[in-house]
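See structure below.
The values are calculated or read from the model by the stated rules, or taken from the named source; none is laboratory data. Everything numeric here is computed off the predicted structure, so don't read it as measured data. Ideal geometry is used to build each Cβ from the backbone, glycine not excepted, and the neighbour counts take in all protein chains shown. Keep in mind that these areas ignore ligands, DNA and RNA; they rest on the heavy atoms of the full protein, side chains included. Shrake-Rupley method; radii C 1.70, N 1.55, O 1.52, S 1.80 Å.
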Amino acid sequence: QVQLVESGGGLVQARGSLRLSCAASGRRFSSYAMGWFRQAPGKEREFVGAIAWSGGNTYYADFVKGRFTISRDDAKNTVALQMNSLKPEDTAVYYCAADPRDRDWSQARYNYWGQGTQVTVSS
């Protein structure tokens, strides 16, 4: 079992930055691919990005490329989402997820999910 807890959300002005963190329990953290998703009110959950196990390759949705960066620290069982140049349309609840069941990591079919953290970007 893996438990995920996100933190770092909040209110920020447009063009500002936030760093989200996801702390994981469990001894197999380093063997899991990790994903970040977000869900705005009235919208479906959408893929933000993912990082392979052992700090390998990263993958991003087109709308965050060049603005968001995912990293992981397997020694601390954490994965981070650095968000720069934030826009009002980035407002959503952000979720981290572990251990995708699908070969396409952009699909929201992961075995473990955090409870989410709210990010609000004001214009």
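Annotations for the structure displayed:
- Within a straight-line Cα-Cα reach of under 23 Å, residue 43 can be paired with the following lysines, leaving aside sequence neighbours fewer than 8 residues apart in one chain: 65, 87.
- Loop GluC sites (Glu not before Pro), region 27-123, which have at most 12 other Cβ atoms in a 10 Å radius of their Cβ (DSSP): 44
- In nm, spacing of pseudo-spin labels at residue 46 and residue 69 (7 Å Cα→C-beta vector): 2.4 nm
- Residue of 62, 74, 90 that the Gaussian network model of the chain assigns the largest fluctuation, springs spanning Cα pairs under 10 Å: 62
- Carbon plus sulfur fraction of accessible area for region 1-114, probe 1.4 Å, in percent: 44 percent
- Under 19 Å from the Cα of residue 76 - aspartates and glutamates, other chains or at least 8 residues apart: 6, 99
- Rg and Dmax over the alpha-carbon atoms of region 35-123 stand at 12.6, 37 Å.
- Net charge, residue 112 excluded, C-beta distance under 11 Å - Lys, Arg +1, Asp, Glu -1: +1
- Across region 1-79, the convex hull enclosing all Cα atoms gives 111 Å³ per residue.
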